[in-house]
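Peer 1: Here's a structure for you.
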Amino acid sequence: MRRRFGYHKFGTFCFVALLVFPLVCQAQSIAIKAKKIHTVSNGIIENGVILIQDGKIQEVITGPEIPWNVDVVDYSQKVIVPGMVEAHVARGYDVANETNPLTPFVTVLDNIDTSHDAFTSALKDGVTTLHIMPGNNTILGGKGAVVKTVGLVVEDMLLIPESGMKISVVGTPAQTRMGVMAQLRRYFNETKEYMEKQKEEAQKEETMVSTPGSFRSPERVKYDSVVDLLEGRYKAYVYCQGPSDVVRAHDLAEKYGYSSIYLLGPECYKAADFIAEKKLDIILDPELVYYERDPLTEEVKKIDIARVFHEKGIAFALLSEPDRVHTRSLSYQAMRALSSGLSLDEALKAVTIVPARMLGADGLIGSIEKGKLASFAVLDDDPFKLSTKVEFVYIDGKLVYERAKDEDLKKLLEEKIIK
């Protein structure tokens with residue numbers, strides 16, 4: 001006897017489906033258990049759980065009460081920290097600078113190589129975000145971008161496509177400070193004249209149509225990126241080699257009305273009082289120790305740069321330089337900052353929330369809290385111990401790195417020394 005699926009049964013089916021379907025969708029959520037969670041924003045949570053949905057942190061809770069309809073990943077013997085953020089790197093592409101030092105119209109997006117070993121190295125260290133910028137041998141070097149450290153194509157990696165303009169008041173080795181400052185002022189003055197011309201054109205009743213041969217087309221290429229800087233659409237990242245460079249760079253920024261983040265050479269510690277007074281955002285050079293010889297006594301004095309700025313109450317971001325052993329990774333740099341007197345919490349902030357704030361991305365990254373991207377590293381022990389290893393890395397709630405499956409690391413560890 002054939003049974004009919006009557007209207008009343010169909011209605012019951014629809015009612016049950018409406019109840020169950022949301023639960024099925026929620027079942028795709030993830031709960032990450034950990035022995036410790038260094039949230040950065042809300043201290044350390046013991047025996048915590050990070051609830052993740054759609055790549056974002058839904059909640060950070062304590063205790064065993066985990067929703068029944070989520071997939072649980074048990075790292076209850078591990079420690080979780082936010083994915084580290086490196087505030088300025090000149091790697092991930094082939095050439096750090098164009099041969100012409102005045103190229104504000106170029107962008108690193110045209111040069112990023114997603115297969116570059118800079119990204120795999122970053123993941124191994126628990127770095128989930130890189131701010132890729134032009135190098136220091138320039139004047140107006142072009143635009144940078146903030147990217148995640150994993151992705152098949154650049155578009156998959158992008159967090160902030162136009163993050164800032166690179167400026168160096170030092171210039172290239174063939175230039176003097178006087179010449180560099182003159183070129184910067186000239187370019188900014190020309191840009192202001194261009195902006196005024198654009199306003200006048202906009203006020204005309206008949207708008208002139210741009211063609212490749214018109215005066216507007218080449219000017220737009222030359223000046224529009226600097227217009228964005230002067231109108232506050234992004235900040236300048238200014239390289240300063242010495243303390244007087246910091247003063248000059250700040251005076252220039254005040255004169256032309258743009259905001260700056262300052263990348264400091266080691267000797268810039270001498271400008272710490274000025275930096276504290278002006279409340280400047282700073283990124284320290286990878287070299288955190290500076291040796292200075294007294295001209296009278298010939299005595300060599302060691303300066304712990306991180307300690308100098310810390311004692312002045314100045315927050316800073318740390319950088320690494322993989323080509324040198326003693327600056328090889330961001331976590332190692334944080335260890336060096338710890339050894340100079342910073343607390344664990346302060347060192348962790350210098351590689352997470354402080355650089356995230358400078359980049360204008362602290363609403364997405366830099367700490368483990370509700371609403372932010374689920375980007376973090378799972379460690380086998382407390383952070384910034386020499387023996388601590390990064391075992392897993394998550395970006396946007398997806399597992400993107402497993403130490404146990406790292407073939408390059410396996411080959412390195414299996415290599416034998418030939419006597």
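The values are calculated or read from the model by the stated rules, or taken from the named source; none is laboratory data. Computed from a predicted structure; not experimentally measured. When we count neighbours, we look across all protein chains shown, and the Cβ atoms used for this are built from the backbone with ideal geometry, even at glycine.
Peer 1: Within segment 57-115, work out how many residues are of a type in the set (D, E, K, R), out of contact with any Lys or Arg (no Cβ under 8 Å at 6 or more places or on another chain) and without any contact (Cβ under 8 Å) to a residue 60 or more places away in the chain.
Peer 2: Qualifying residue count, segment 57-115: 6.
Peer 1: Based on what the data block shows, is P383 at pLDDT 95 or above, buried (at least 19 other Cβ atoms within 10 Å of the Cβ) and either not in a helix (DSSP H, G or I) or not assigned by TED's automatic domain parsing to the domain that holds L130 (or both)?
Peer 2: The answer is yes for P383.
Peer 1: Out of all the residues in segment 298-345, which are over 19 Å from the mean Cα position of the chain (by Cα), over 20 Å from R357 (Cβ atoms) and basic (K, R)?
Peer 2: Hits for segment 298-345 are K301, K302, R307, R324, R336.
Peer 1: Shifting gears a bit: Please tell me if I61 is over 24 Å from D125 (Cβ atoms), in a loop (DSSP other than H, G, I, E, B) and assigned by TED's automatic domain parsing to the domain that holds V49.
Peer 2: no
Peer 1: Hey, another quick one. Taking T129 as the residue in question, decide whether it is closer than 13 Å to H88 by Cα and either in contact with a helix residue (DSSP H, G or I) (Cβ under 9 Å, 6 or more places away or on another chain) or part of a loop (DSSP other than H, G, I, E, B) (or both).
Peer 2: yes
Peer 1: Here is a further query. Consider V150 carefully, then state whether it is under 24 Å from E391 (Cβ atoms) and either of a type in the set (D, E, K, R) or assigned to a loop (DSSP other than H, G, I, E, B) (or both).
Peer 2: Considered against the rule, which asks whether it is under 24 Å from E391 (Cβ atoms) and either of a type in the set (D, E, K, R) or assigned to a loop (DSSP other than H, G, I, E, B) (or both), V150 comes out as yes.
Peer 1: Oh, and also: Need the failing condition index for L412 against (1) aliphatic (A, V, I, L, M); (2) outside the structural domain of E162 (by TED's automatic domain parsing); (3) within 25 Å of D54 (Cα to Cα), just the number.
Peer 2: (3)
Peer 1: While we're looking at this one, here's another question. As an exercise: evaluate M84 against (1) within 26 Å of V40 (Cα to Cα); (2) crowded, with 24+ Cβ neighbours inside 10 Å; (3) touching a Phe, Trp or Tyr at 6+ places or on another chain (Cβ under 9 Å) and give the number of the one condition it does not meet.
Peer 2: In the conditions (1) within 26 Å of V40 (Cα to Cα); (2) crowded, with 24+ Cβ neighbours inside 10 Å; (3) touching a Phe, Trp or Tyr at 6+ places or on another chain (Cβ under 9 Å), M84 misses (3) alone.
Peer 1: Pairs under 8 Å by beta carbon, first residue within 18 Å of Q183 (Cβ to Cβ) in segment 249-260, partner among the acidic types (D, E), six or more apart or different chains?
Peer 2: Pairs that qualify, where the first residue is within 18 Å of Q183 (Cβ to Cβ) and the partner is among the acidic types (D, E), are S260/D281.
Peer 1: Have a look at V95, V72 and point out the one that is surrounded by fewer than 16 Cβ atoms within 10 Å (Cβ to Cβ) and part of a loop (DSSP other than H, G, I, E, B).
Peer 2: That would be V95, the only listed residue that is surrounded by fewer than 16 Cβ atoms within 10 Å (Cβ to Cβ) and part of a loop (DSSP other than H, G, I, E, B).
Peer 1: Being touching a Phe, Trp or Tyr at 6+ places or on another chain (Cβ under 6 Å), over 17 Å from R307 (Cα atoms) and hydrophobic (A, V, I, L, M, F, W, C) narrows it down to one residue among V393, V400, V325; which is it?
Peer 2: One residue alone meets the criteria, V393.
Peer 1: If you take the residues of segment 165-189 that are at negative phi and of a type in the set (G, A, S), which of them is surrounded by the fewest Cβ atoms within 10 Å (Cβ to Cβ)? Steps first, answer last, please.
Peer 2: Initial filter on segment 165-189 (at negative phi): 165-170, 172-189.
Remaining after also requiring of a type in the set (G, A, S): 168, 174, 179, 182.
Working: S168: 27, A174: 8, G179: 13, A182: 12.
Only one residue fits best here, namely A174.
Peer 1: Anything in segment 220-235 that is within 21 Å of L263 (Cα to Cα) and either surrounded by fewer than 19 Cβ atoms within 10 Å (Cβ to Cβ) or not aliphatic (A, V, I, L, M) (or both)? List them, or say none.
Peer 2: So in segment 220-235, the residues within 21 Å of L263 (Cα to Cα) come out as 225-226, 228-230, 232-235.
Scanning segment 220-235 gives S225, D228, L230, G232, R233, Y234, K235.
Peer 1: Select from segment 360-373 the residues that are of a type in the set (A, V, I, L, M, F, W, C), surrounded by 23 or more Cβ atoms within 10 Å (Cβ to Cβ) and in contact with a Lys or Arg (Cβ under 9 Å, 6 or more places away or on another chain) and write down the one among them that is farthest from S343 (Cα to Cα).
Peer 2: So, considering only residues that are of a type in the set (A, V, I, L, M, F, W, C), surrounded by 23 or more Cβ atoms within 10 Å (Cβ to Cβ) and in contact with a Lys or Arg (Cβ under 9 Å, 6 or more places away or on another chain), the one farthest from S343 (Cα to Cα) is L373.
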